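Peer 1: Provided herewith is a single structure, encoded as structure tokens, for subsequent inquiry.
Read the figures in this text as sums done on the coordinates, not as results from a lab. All of these numbers come straight from a predicted model, not from anything done at the bench. For neighbour counting, all protein chains shown are included, and Cβ atoms are generated from backbone atoms with ideal geometry for every residue, glycine included.
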Amino acid sequence: MKKTLSLLLALVMLFSLGISAFAADAPAEETDALVVDTMILMEADDNMINNYTLLAVNPEAPFVDADGNAVEDVALNTVGAAALINWLLSEEGEAAAADYGFAEYGEYLFYLKEDRPVSTADIPEATEETKLIRLSTTTSVNDSGLLGSLLPMFEEKYGYEVEVYSAGTGKAIANAKMGNADLILVHSKKQEEAFVADGFACVLDGMESERLTYMYNYFVLCGPSADPAGVKDAEDVLAAFKAIADGKFTFVSRGDGSGTHTKELSLWPEELGITAEPESFKDYTDWYISANTGMGACLVMAEQMGAYILTDKATFLTFLANDGVM
């Protein structure tokens, strides 16, 4: 009798443990499917166009280190830089950029400018001396997956290897000024023009200017689905930014001197006085978060905080497709 009771008790315990294990596993399956609450609340405003520009670095530029001291004996791969730029501006390269994202997202992530430069130049095969190309670029073309799609096509066809340094436009340009890049791909007209004016860019054969602006997409203003600031109902993006500021709703800024950060600063009401300087927003730190990091990390932060954020659409759609993981 005792053996029978012991056996029954053991079976009951095993059965209970099985149910507990199943119950413990079930919620884990549910939490694996992360639901992103951050959504696009405003887009396609004329103030939110986002142009991308290629510039070849001038081998005779006045290169400086991080402290502003002159740097000597900088060796640039001008042949490789020209090869990559000419391919990106070729019929094949531009078509690949224009088509990127449609198959996966059902919409185009980048658009070609009607007045864009187009290259028909012959592209040389890589040699041991010209094989490595250093590209300094903004995070949006990297985090969106565009470069991951384009560069292997170029590398496989011509034998080059492209080393990518990805940061905000300000840091990408600073990297080139130190002689650490052969070309740049950025999206901040004011900073690009300063780069040219300071002698850091050169005109490629067959091109009319240093700045080769050839594609664009749109910045989008995103935020929590509840939209406490009423961004969706705002007249335009300027009114939306004013509503966020008036209500002191949490906003995550790139804060890194990037093209996205530069655009964001231009959208706040002038009377707020928000600039890139920390002193300018010291009274707003209860709602204005200066992250000083890349677009993907900022999107994750905004999702976690239920905050508003300005981002390029391509990176946001990638963020969404990855269930909020970047």
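Peer 1: Pick out which of ASP46, ASP67, ASP115 has the largest mean-square fluctuation in a Gaussian network model of the chain, springs linking Cα atoms closer than 10 Å.
Peer 2: Among ASP46, ASP67, ASP115, the largest GNM mean-square fluctuation belongs to ASP67.
Peer 1: Report, to two decimal places, the Cα Rg of segment 51-119 normalised by 2.2 N^0.38 Å (N = number of residues). Numbers along the way, then the final one.
Peer 2: Working: Rg = 16.7 Å, N = 69, 2.2 N^0.38 = 11.0 Å.
In units of the 2.2 N^0.38 Å rule of thumb, it is 1.52.
Peer 1: Could I ask something else about it? In segment 49-217, what is the volume of the convex hull around the alpha carbon atoms, normalised per residue and reported in Å³?
Peer 2: On the way: hull volume 18.2 nm³, N = 169.
Taking the convex hull of the Cα positions in segment 49-217, it is 108 Å³ per residue.
Peer 1: With θ set to phi - 60° and the Karplus curve 6.51 cos²θ - 1.76 cosθ + 1.60, what are the ³J(HN,Hα) couplings of segment 314-325 in order, to the nearest whole Hz, using x for Gly and Pro?
Peer 2: Each residue's phi maps through the Karplus curve to give 4, 5, 5, 5, 5, 4, 5, 5, 8, 6, x, 10 Hz.
Peer 1: Just in segment 233-274: which GluC sites (Glu not before Pro) are loop by DSSP and have at most 14 other Cβ atoms within 10 Å?
Peer 2: On the way: sites: GLU235, GLU264, GLU270, GLU271; in loops: GLU235.
Counting only loop positions with at most 14 other Cβ atoms within 10 Å, the GluC sites (Glu not before Pro) in segment 233-274 are GLU235.
Peer 1: Another question about this same structure. Specify the residue with the greatest mean-square fluctuation among THR285, THR130, THR311, computed from a Gaussian network of the chain linking alpha-carbon atoms under 10 Å apart.
Peer 2: Per the Cα network of the chain with a 10 Å cutoff, THR285 tops the list.
Peer 1: Does the chain classify as rounded, prolate or oblate by the C-alpha gyration tensor (a ≥ b ≥ c root eigenvalues; a/c under 1.5 gives rounded; else a/b over b/c gives prolate, otherwise oblate)? Numbers along the way, then the final one.
Peer 2: Numbers: a/c = 2.27, a/b = 1.56, b/c = 1.46.
Here the chain falls in the prolate category.
Peer 1: Now a separate question. Going highest first, how would you order 316-322, 214-220 by mean Cβ packing within 10 Å?
Peer 2: On the way: 316-322: 19.9, 214-220: 22.7.
The densest-packed peptide leads the list: 214-220, 316-322.
Peer 1: Given the options THR120, THR139, THR315, which has the most mean-square fluctuation in a GNM of the chain, springs set between C-alpha atoms less than 10 angstrom apart?
Peer 2: THR120
Peer 1: Then there is this: Take the cross-link list LYS171/LYS242; LYS190/LYS263; LYS113/LYS177 and give me the ones stretching past 21 Å between alpha-carbons.
Peer 2: Over 21 Å Cα-Cα: LYS171/LYS242; LYS113/LYS177.
Peer 1: In debye, nearest 20, what is the charge dipole magnitude of the chain about its Cα centre with +1 on Lys and Arg Cβ and -1 on Asp and Glu Cβ, if you could check?
Peer 2: On the way: 19 positive and 53 negative charges, 256 e Å.
Dipole of the chain, to the nearest 20 debye: 1240 debye.
Peer 1: Would you kindly derive the ³J(HN,Hα) couplings of segment 133-148 from the backbone phi angles with the Karplus curve 6.51 cos²θ - 1.76 cosθ + 1.60 (θ = phi - 60°), listing them in order in whole Hz, with x for Gly and Pro?
Peer 2: 10, 9, 10, 9, 8, 6, 5, 5, 6, 8, 5, 6, x, 4, 5, x
Peer 1: Can I ask one more? Among the aspartates and glutamates, which have Cα under 18 Å from the Cα of LYS131 when same-chain residues fewer than 8 positions away are ignored?
Peer 2: Once the sequence-local aspartates and glutamates are set aside, what remains near LYS131 is ASP122, GLU155, GLU156, GLU161, GLU163, ASP182.
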